[in-house]
Amino acid sequence: MTALLLNFRNTIIVSVVLALIFIVGYGVHGPDHFGMIFWQAVLRWAHVVSGILWIGLLYYFNFVQIRKMPEIPAELKPAVSKYIAPEALFWFRYAALSTVIFGLLIAWNRGYIAKALTLGLIGGYDPAEDAKYSLLGAGMWLALIMAFNVWFFIWPNQKIVLGMVEADADAKARAGKTATLFSRTNTLLSLPMLVTMTMSQTIFG
């Protein structure tokens with residue numbers, strides 16, 4: 001067991017296998033078996049896993065790395081910028097992408113993607129029926145904005161900061177500030193976004 005847990009790849013493989021066993025168990029014993037509800041549940045699981053990785057790394061960057069980098073001695077900073085940050089940013093941006101894809105697939109699978117993305121306005125608006133789509137849709141748009149920020153502002157500027165793109169010191173400083181501002185914007189948007197993602201399912205089903 002020690003050898004297994006000390007090997008990250010094997011740990012993840014075993015975790016995925018166990019997860020798949022449970023997923024099949026829900027398919028076998030669930031009332032819908034392997035029907036539409038089952039696949040909604042699978043998509044929701046994939047959405048949640050992706051979202052945990054995405055928002056977890058967003059919080060790591062903002063709660064830890066960005067705040068503590070100024071305190072790290074200059075000779076030690078390359079350890080972060082050359083090894084930790086590029087790896088974290090890889091998982092960060094693809095977790096953002098997969099979170100959005102799985103979220104949109106859930107909305108499509110459940111038949112409310114158009115209602116949610118139009119904030120309940122398509123086909124006329126009835127507050128009693130459509131408020132839930134307004135709330136969930138607002139959260140979906142926040143998530144889409146956040147993912148857009150990751151791919152089109154944070155990542156391109158981080159490539160400059162990390163030296164993946166040639167730039168002078170001034171350009172790196174500007175890129176670092178821009179990346180930080182958009183990362184902080186995503187942190188600001190994350191809590192209201194998560195309210196809609198969690199409370200909509202609980203309250204409206």
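The values are calculated or read from the model by the stated rules, or taken from the named source; none is laboratory data. The model shown is predicted, which means the values in this text are computed figures rather than measured ones. A quick note on method: Cβ atoms are made from the backbone with ideal geometry, for glycine too, and the neighbour counts reach across all protein chains shown.
When you scan region 109-124, how many residues do you find that are modelled with pLDDT of 95 or more and over 19 Å from THR202 (Cα atoms)? Summing the residues that are modelled with pLDDT of 95 or more and over 19 Å from THR202 (Cα atoms) in region 109-124 gives 4. Please determine, by comparing only the residues of region 138-156 that are β-branched (Val, Ile, Thr) and surrounded by 16 or more Cβ atoms within 10 Å (Cβ to Cβ), which one is nearest to the chain's Cα centre (by Cα). Taking the candidates together, the pick is VAL150.
Within this structure, ALA74 passes the test of being more than 30 Å from ILE145 (Cα to Cα) and in the same structural domain as ILE106 (by TED's automatic domain parsing).
Taking region 1-31 as the range and being under 19 Å from PHE102 (Cβ atoms) and touching a helix residue (DSSP H, G or I) at 6+ places or on another chain (Cβ under 9 Å) as the test, the residues that pass are ALA19, ILE23, TYR26, GLY27.
Within region 4-41, the set of residues being outside the structural domain of ILE101 (by TED's automatic domain parsing), polar (S, T, N, Q) and either in contact (Cβ under 8 Å) with a residue 40 or more places away in the chain or not in a helix (DSSP H, G or I) (or both) comprises ASN7 only.
Can PHE182 be described as surrounded by fewer than 14 Cβ atoms within 10 Å (Cβ to Cβ) and not acidic (Asp, Glu)? For PHE182, the condition - surrounded by fewer than 14 Cβ atoms within 10 Å (Cβ to Cβ) and not acidic (Asp, Glu) - is not met.
Of the residues ALA131, ALA95, ALA85, the single one that is in the same structural domain as GLY51 (by TED's automatic domain parsing), farther than 20 Å from GLY176 by Cβ, modelled with pLDDT of 95 or more and buried (at least 16 other Cβ atoms within 10 Å of the Cβ) is ALA95. When you scan region 157-167, do you find a residue that is buried (at least 17 other Cβ atoms within 10 Å of the Cβ), of a type in the set (A, V, I, L, M, F, W, C), within 22 Å of TRP91 (Cα to Cα) and in contact with a Lys or Arg (Cβ under 7 Å, 6 or more places away or on another chain), even just one? Yes, region 157-167 contains a residue that is buried (at least 17 other Cβ atoms within 10 Å of the Cβ), of a type in the set (A, V, I, L, M, F, W, C), within 22 Å of TRP91 (Cα to Cα) and in contact with a Lys or Arg (Cβ under 7 Å, 6 or more places away or on another chain).
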